[in-house]
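Heads up, the thing below is written out as structure tokens.
What follows is calculated from the coordinates using simple rules that are stated; it is not laboratory data. These figures come from a predicted structure and were not determined experimentally. Neighbour counts run over all protein chains shown; Cβ positions are idealised from the backbone, glycine included.
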Amino acid sequence: MEATERARLATQCDRILARLREGPASNADLAALSLKYTSRISDLRAAGHRIDCVSHDPATGRCCYRLLETGFDLVPRVVVPVPRGRLF
């Protein structure tokens with residue numbers, strides 16, 4: 001990857017991070033900043049930022065993302081194991 005490409009992606013990550021610091025953001029909000037916003041969210045997560053999808057409406061495709069800052073989490077993160085194989 002060329003330096004100009006890395007700089008462009010870093011700028012998109014910075015914009016998305018700044019937007020999430022303002023509060024929850026929909027996928028439409030984030031797509032206005034970067035068409036491949038899911039890749040930038042993955043980049044931010046890999047850099048150590050905790051970003052959760054807090055709601056998803058399958059009928060409309062609308063998602064809402066939230067940045068969870070260390071020390072400011074109002075809702076504790078709970079990891080629920082997903083069973084493998086048959087559920088019933």
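Summary of computed values
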read-out: Fewest-first sequence of Cys64, Cys53, Cys13 by Cβ atoms within 10 Å of each Cβ; value: Cys53, Cys64, Cys13
read-out: Karplus-derived 3J(HN,Hα), 6.51/-1.76/1.60, for each residue of region 33-46, Hz, glycine and proline x; value: 8, 7, 4, 9, 4, 5, 5, 5, 5, 4, 4, 5, 5, 5
read-out: Karplus-derived 3J(HN,Hα), 6.51/-1.76/1.60, for each residue of region 56-67, Hz, glycine and proline x; value: 8, 9, x, 5, 9, x, 6, 10, 10, 10, 9, 8
